[in-house]
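The values are calculated or read from the model by the stated rules, or taken from the named source; none is laboratory data. Predicted model, so just to flag it, every value in this text is computed and none were measured. Methodologically, a virtual Cβ is constructed for each residue, glycine included, from the backbone with ideal geometry; neighbour enumeration extends over all protein chains shown. Note: accessible area is taken over every heavy atom of the protein model, side chains too, but ligands, DNA and RNA are not part of it. Shrake-Rupley method; radii C 1.70, N 1.55, O 1.52, S 1.80 Å.
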2 protein chains.
Amino acid sequence: MILSPLLDKLIESLRCLPGVGPKSAQRMAFHLLQRNRQRGLHLADVLQDAMTQIQHCQQCHNFSEEPICRLCANPKRDHQTLCIVQSPADVLAIEQTASYQGRYFVLRGHLSPLDGIGPEDIGIEQLLAHLESHPCKEAILATSTTVEGEATAHYIAQLLQPLQIKTSRIAHGVPMGGELEYIDGTTLSRALQGREEFS
Amino acid sequence: MILSPLLDKLIESLRCLPGVGPKSAQRMAFHLLQRNRQRGLHLADVLQDAMTQIQHCQQCHNFSEEPICRLCANPKRDHQTLCIVQSPADVLAIEQTASYQGRYFVLRGHLSPLDGIGPEDIGIEQLLAHLESHPCKEAILATSTTVEGEATAHYIAQLLQPLQIKTSRIAHGVPMGGELEYIDGTTLSRALQGREEFS
């Protein structure tokens, strides 16, 4: 339905955003045109800048517009602990808890041999190089608790063994606020195995 | 949580889109940066063009990047029928049904005296001017079936009475696929009042 070719193009372009189908894209386009042209223009500018200027930190490979990101450049962060995650979104999630003070290393996803994604595709070499140039005492494996995330954690743990780095894995268990009857069996059995003494 | 100022700015800017909260904005930003930079840049370009170039058609006031929109410029459309709607999104909705061949006039919303929105704010003057320069035989009042939409339709119907234009209102009734037990009372009573003889 071509009413205005540019409007159609805008609706189509908005669909590159995740979770945005034809109806939402249409609503977004009309909303911006009718009420928010200034903010629409601002979004266009910021998008342009972000897509061209945001690169990866040379140390941790997180997103950063500077060669070394703010976390790596922060002298207050603990150099002795390295948290290894699958994606920049995971860094943000952990930072938002404000319960971790060490550094990060961001992989490019997880191992997935069936899809042909091997160690070199997710940046394992860079991780080893990083550990050589920035030695640490403990590596926390914070990949997802999916099958692929577990496999990735195991693979890295094996690699780190000869380097004499203490390697830990984030705890598996029942999420806070979770009612036991609704928790799946695998999680529950891991929660029982990983039980801690009451202190 | 400032990890990258530009990333934060991108997440914040994406929130100008309707229905996009902090978590969705974050997901959109990471998705574009990780997988879709080209489409992100394309979106920035199209947004920029659309926000600056899309204006209103001089005749029907629908969105258009040309002075006269494609619908008004199309000689195949029926000049004798004018459908009056509240917003450009309504034109799109009606066009998508492919069941209307006339022209449109797009108001700027509906009357709302409590919010100080009177006839001059929604473009009633322009509607009358349009009817003078482009006379028609029938005006279909297709404003929403909300209280304000109904009031707007009544107001316009009164204005059009002296002009000897046949004025109709879109039908009120049970939507297709609607189960009667779940339809509200007002709709049901309008559907009974507006019953049609079986042909």
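What number of residues within region B:18-63 satisfy the criterion of being free of Cβ contacts under 8 Å to residues at least 12 places away in the same chain and in contact with a His (Cβ under 7 Å, 6 or more places away or on another chain)?
Total meeting the criteria: 1.
Do we have residue A:96 as closer than 30 Å to residue B:57 by Cα, open to solvent by 60 Å² or more (accessible area, probe 1.4 Å), within 11 Å of chain B (Cβ to nearest Cβ) and assigned to a helix (DSSP H, G or I) here?
Criteria not met by residue A:96.
Yes/no per residue for (1) within 27 Å of residue B:56 (Cα to Cα); (2) of a type in the set (A, V, I, L, M):
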residue	(1), (2)
B:141	yes, yes
B:146	yes, no
B:168	yes, no
B:186	no, no
B:189	no, no
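Could you tell me whether residue A:4 is of a type in the set (Ser, Thr, Tyr), at pLDDT below 95 and open to solvent by less than 60 Å² (accessible area, probe 1.4 Å)?
Spelling it out, residue A:4 is indeed of a type in the set (Ser, Thr, Tyr), at pLDDT below 95 and open to solvent by less than 60 Å² (accessible area, probe 1.4 Å).
Any residue at all in region A:30-53 that's at positive phi and crowded, with 17+ Cβ neighbours inside 10 Å?
So far as region A:30-53 goes, no, none of its residues is at positive phi and crowded, with 17+ Cβ neighbours inside 10 Å.
Yes/no per residue for (1) under 18 Å from residue B:13 (Cβ atoms); (2) in contact with a strand residue (DSSP E or B) (Cβ under 9 Å, 6 or more places away or on another chain):
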site	(1), (2)
A:10	yes, no
A:17	yes, no
A:30	no, yes
A:58	no, yes
A:83	no, yes
A:92	yes, no
A:101	no, yes
A:112	no, no
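List the number of the failed condition for residue A:37; all other conditions in (1) at pLDDT below 95; (2) more than 19 Å from the chain's Cα centre (by Cα); (3) more than 12 Å from residue B:48 (Cα to Cα) hold.
(3)
Tell me the helices (runs of 4 or more DSSP H) entirely within region B:112-192 that contain at least 3 residues that are open to solvent by 50 Å² or more (accessible area, probe 1.4 Å).
Once the helices (runs of 4 or more DSSP H) in region B:112-192 are filtered for at least 3 residues that are open to solvent by 50 Å² or more (accessible area, probe 1.4 Å), what remains is B:124-133, B:147-160.
What are the residues in region A:9-29 that are among the small types (Gly, Ala, Ser), over 17 Å from residue B:52 (Cβ atoms) and surrounded by 18 or more Cβ atoms within 10 Å (Cβ to Cβ), if any?
A:24, A:25
Every residue in region A:112-142 that is in contact with a Lys or Arg (Cβ under 6 Å, 6 or more places away or on another chain) and free of Cβ contacts under 8 Å to residues at least 40 places away in the same chain, please.
Passing the criteria: only A:122.
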